[in-house]
Amino acid sequence: MICPHCEARLLSRERTGRVCGRCRKPFALEPKSTRGLHDLRLRRAVERLGDGGRVVLTVGQLRWAFHRRGRPGHVPRKLPTGRPIPPTFENPAVMALMAVAGAALLTGACFLLTLAVGFVVLSLTMAGFGLVALYAGVAELVRLPRRRGRLAAHERAELAWQERNERLKQEEARWTSPLGHGDTWSAGEFRISVVERWIAVHGALPAGVVAESAVRPVALDGPPALAVLCPDWTVTAFLHANGFPERYRAVLVATPGELPRHLPVVVLHDASPQGCLLAAEARAARPDGTVVDAGVSARTVLAAGERAVQLYEHQLRGPLEEQLRRLPALTEGERAWFGQGLWSPLAAQPPQRLLAVAERAAERALQRHVGFLSWPVPEVPQ
């Protein structure tokens, strides 16, 4: 890694205890324990995502910037444990042949002893091998009647295992096919490993980054002119931190029931069935009003492909298909993507673009234009 103070390239042995071996100054993030994230990389990401300080980020948005992108891969199906091992038996013909061979060796040994005393060693050797072969063959032939019972027991155990496997398959069919999540930062991991460590070393968050808990909504100067429906507090805090409510005299709410009457509405939501239904609920609550859907669509995520954050949620197929039936405007591709349990969070969109889309939606709503916004393909932070 590169030291954030003296910019020296440090090997592992030169940064013991999170201290630069050259300038002896501490740094916050050790790439080995933070999945390759170090101080300079985080600062560069904040500079890029914040458009050189013109946009304020939240900690949640910073976490999403380092999230693994692309579609999760399928998780191989695991068979139920305890499958019985089939019993193994020797071929009866081979056992009979061994018994005959053993008897023949014993007969040959006795014959050699009658010819001359000099064949004693050879006769004993032949007799030994003959006894072993005769015992093995006869013992296995004696056990032949027991095979039927062992085979029947194995068939019963195999049938029970197959029934368990079929029940498991039927249960799994009720859920979306399991997909992998990949390496990512959970909110708790990012707070402990990155945020708290950064504050402990540098004294505060990077310039241009605020914690959601530190954002306080500002009272509007006069009556509101716009309502923004957004259930994601990370995005709501982001809009408050960048002065969006003050510029557009907007009131931000989390549920359709909180929407004020007689105000144009902007809906911001994830690319998910629940997000699409949120926009539909807002339109149902405002049949004669202005509702601008500025949420992320599945079409945008599919167009971005491996550059978009795609998450998986294990859920029952029945309720999910019922939700999709309530969204007739979806294309087949969008319906299939949602049907696999995939979704993409609004907060994972690049902050500059998210703010620009929200501003465009507010302007359209205030101008009384009803319609949809098409999200551009998201950028990938380096």
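Of the residues ALA329, ALA303, only one is out of contact with any strand residue (DSSP E or B) (no Cβ under 7 Å at 6 or more places or on another chain), over 28 Å from ALA227 (Cβ atoms) and of a type in the set (Gly, Ala, Ser); which?
On the way: ALA329 fails: over 28 Å from ALA227 (Cβ atoms).
Answer to the check: ALA303.
Here ALA160 qualifies as closer than 30 Å to ARG83 by Cβ and at pLDDT 70 or above.
Identify all residues within segment 44-76 that are part of a helix (DSSP H, G or I) and surrounded by 15 or more Cβ atoms within 10 Å (Cβ to Cβ); write none if there are none.
ALA45, VAL46, ARG48, LEU49, VAL59, GLY60, GLN61, LEU62, ARG63, TRP64, ALA65
Within segment 20-48, being of a type in the set (Lys, Arg) and touching a residue at least 60 places away in the same chain (Cβ under 8 Å) holds for ARG35, ARG43, ARG44, ARG48.
Within segment 49-60, residues that are touching a residue at least 40 places away in the same chain (Cβ under 8 Å) have Cβ atoms under 8 Å from residues that are of a type in the set (D, E, K, R) in these pairs: GLY53/GLU47; THR58/GLU212; VAL59/ARG191; VAL59/GLU212; GLY60/GLU212, counting only partners at least 6 apart in sequence or on another chain.
The values are calculated or read from the model by the stated rules, or taken from the named source; none is laboratory data. Note that this is a predicted model, so its numbers are computed, not measured. Glycine gets a Cβ as well: all are built from the backbone with ideal geometry, and neighbour counts include every protein chain shown.
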